[in-house]
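The values are calculated or read from the model by the stated rules, or taken from the named source; none is laboratory data. As the structure is a prediction and not an experimental result, all values here were calculated from the model. Here the Cβ is made from the backbone with ideal geometry for all residues, glycine too, and neighbour counts use every protein chain on show. The protein model used for the area step is the full one, side chains on, heavy atoms only, and it has no ligands, DNA or RNA in it. Shrake-Rupley method; radii C 1.70, N 1.55, O 1.52, S 1.80 Å.
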Amino acid sequence: NVENYDVLMYVANWPTPRVDAWDTLLKARAIENMSYCVGVNRVGIDANNLEYSGHSATYDGLGKQLTFIESNKEDIEIVTLDKKHLIEIRNTLKFLDDKEVAQHII
């Protein structure tokens, strides 16, 4: 997170055999960027007969899952993202401050 953003949003086509990687990577992106991470993945079967099971979810900056739409279901969830929560964890953990040092080294 070198651009000081608060929310990452991914819209994807992760097929069912790889959905565990999708789940893991969404959580990892939230943690490493100390930002909210929203992942929206498709459901159904495409023209190549690949199956997509969804697993759309939202994570907070510590990787806590805030929403999850069950497999193979089209649905809408509403979640409130709290900027104060991000500020608190960023001020407590401060690991994003390391980006300043890394930029000067490169």
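All other residues whose Cβ lies under 12 angstrom from that of residue 72 are scored, Lys and Arg at +1 and Asp and Glu at -1, for a net of -2.
Here each label is just a point 7 Å from Cα along the line to Cβ, and for residue 5 and residue 92 those points are 2.5 nm apart.
Rolling a 1.4 Å probe over the protein heavy atoms of the chain, with every protein chain left in place, gives an accessible area that is 54 percent carbon and sulfur. Note on the chain: antiparallel DSSP beta bridges, both residues inside, total approximately 60 percent of the bridges counted.
Which residues make up the longest stretch of the chain clear of GluC sites (Glu not before Pro) that lie in a DSSP loop with no more than 12 other Cβ atoms within 10 Å, not counting the sites? It runs 4-69. Each Lys or Arg adds one and each Asp or Glu subtracts one; over the other residues with Cβ under 12 Å from the Cβ of residue 83, this totals -2. Averaged per residue, the chain has 66 square angstrom of accessible surface, using a 1.4 angstrom probe with ligands and nucleic acids left out. If each DSSP helix of 4+ residues adds -39,500 (n - 2.57) and the sum is divided by the residues in the chain, what number results at 222 nm, nearest 500 deg cm²/dmol? So the helix-based figure for the chain works out to -10000 deg cm²/dmol. About its Cα centre, the chain has a charge dipole of approximately 160 debye under the convention of +1 per Lys or Arg Cβ and -1 per Asp or Glu Cβ, with nothing else charged. Every Cα-Cα pair in the chain was counted, and those over 20 Å apart are 44% of them.
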